[in-house]
Amino acid sequence: VPAPLRGKKRKDKRGETALCRIDTARRQAVMRNHSAAHLLQAALRRVLGAHVEQAGSYVDDERLRFDFTHFAALTKEQLERVQALVNDRILAGLPVEVRHMPLSKARAMGATALFGEKYGDVVRVVSMGDFSAELCGGTHLDNTAKAGLFYIVSESSIAAGVRRIEAVTGLGVLALVRERETIIDKAAQAIKASPSDLANRAEQLFEELKRTQRRLEAIEARAAGAQADALLSAAETVGGLRVIVKRLDGTAAS
């Protein structure tokens, strides 16, 4: 019982009618991310090899997270291939089929199962064309085209031999594009360049900064030489040794 209701008499709700309604927009977003997670696993196995196994996953209406077994970080080229492969299957409009069948038949057809999971005699298999077939009890699209687009946000290590990919689909991709457009626009304004010329302008500024740094180092070297000459000329002889005593502010001890 929630704390505010403890010790209080509650109204009897028996006999009242309750209305249950699904948040359709949220459910569809979850379905897009879940179906994309299946496509992602199939793409990873094709690009990296059959050793790839699911080690965990999470989907909601904003993103998907997929953990998998692999021995090294994915290269930029591998990530691009995986992303392209998933988008290719999305744009192909593959039908998503849900079937219930004996576990032995599902294994015979090559359906992917979660490693270490225990299944009953009859299982639910979700297939996406001839590209993906997995044992799964979750909600899915009826056609891959409804995922819209797929974009990998990050790839990282979460444990020895286990990698993690986070990605977005559909409206999530559009939100990411808008966010990055805002960042690009602000950066372009800061260095007084158009977004299309941002890279060239940034490179020019970097080169100017390096030249300025080299000039500053040369000036500092000349100033240090002049100061050394002045110190030497002010040296005193103490016990037959030339001694220089001078306080220098703003300099390192080394």
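The values are calculated or read from the model by the stated rules, or taken from the named source; none is laboratory data. If you're wondering where the values come from, they're calculated on a predicted model, not measured in any experiment. Cβ atoms come from the backbone with ideal geometry, glycine included; neighbour counts cover every protein chain shown. What goes into the accessible areas is simple: the full protein's heavy atoms, side chains included, and nothing from ligands, DNA or RNA. Shrake-Rupley method; radii C 1.70, N 1.55, O 1.52, S 1.80 Å.
Among the residues that make up region 104-113, is at least one of them in contact (Cβ under 8 Å) with a residue 12 or more places away in the chain and either in contact with a Gly (Cβ under 9 Å, 6 or more places away or on another chain) or among the acidic types (Asp, Glu) (or both)? Within region 104-113 (the criterion being in contact (Cβ under 8 Å) with a residue 12 or more places away in the chain and either in contact with a Gly (Cβ under 9 Å, 6 or more places away or on another chain) or among the acidic types (Asp, Glu) (or both)), the answer is no, since none of the residues qualifies. Criterion applied to 193, 167 was being under 30 Å from residue 61 (Cβ atoms), open to solvent by less than 50 Å² (accessible area, probe 1.4 Å) and either in contact (Cβ under 8 Å) with a residue 12 or more places away in the chain or of a type outside the set (Asp, Glu) (or both), and the one residue passing it is 167. Of all residues in region 202-254, those being modelled with pLDDT under 80 and assigned to a helix (DSSP H, G or I) number 11.
Rundown of residues vs (1) surrounded by 14 or more Cβ atoms within 10 Å (Cβ to Cβ); (2) acidic (Asp, Glu), yes/no style:
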residue	(1), (2)
52	yes, no
80	no, yes
122	no, no
125	yes, no
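Output the qualifying pairs, or none if there are none: Cβ atoms under 6 angstrom, residues six or more apart or on different chains, first residue in region 136-162 and of a type outside the set (Asp, Glu) and in a strand (DSSP E or B), second residue modelled with pLDDT under 95 and open to solvent by 40 Å² or more (accessible area, probe 1.4 Å). Listed pairs, sorted by first residue: 162/55. When 177, 168 are checked against the criterion of being in a strand (DSSP E or B) and of a type in the set (A, V, I, L, M), a single residue qualifies: 168. Checked against (1) at pLDDT below 95; (2) not in a strand (DSSP E or B), residue 55 passes all but condition (2). Hey, among 96, 86, which residue is in a strand (DSSP E or B) and in contact with a helix residue (DSSP H, G or I) (Cβ under 7 Å, 6 or more places away or on another chain)? Criteria check complete, one pass: 96.
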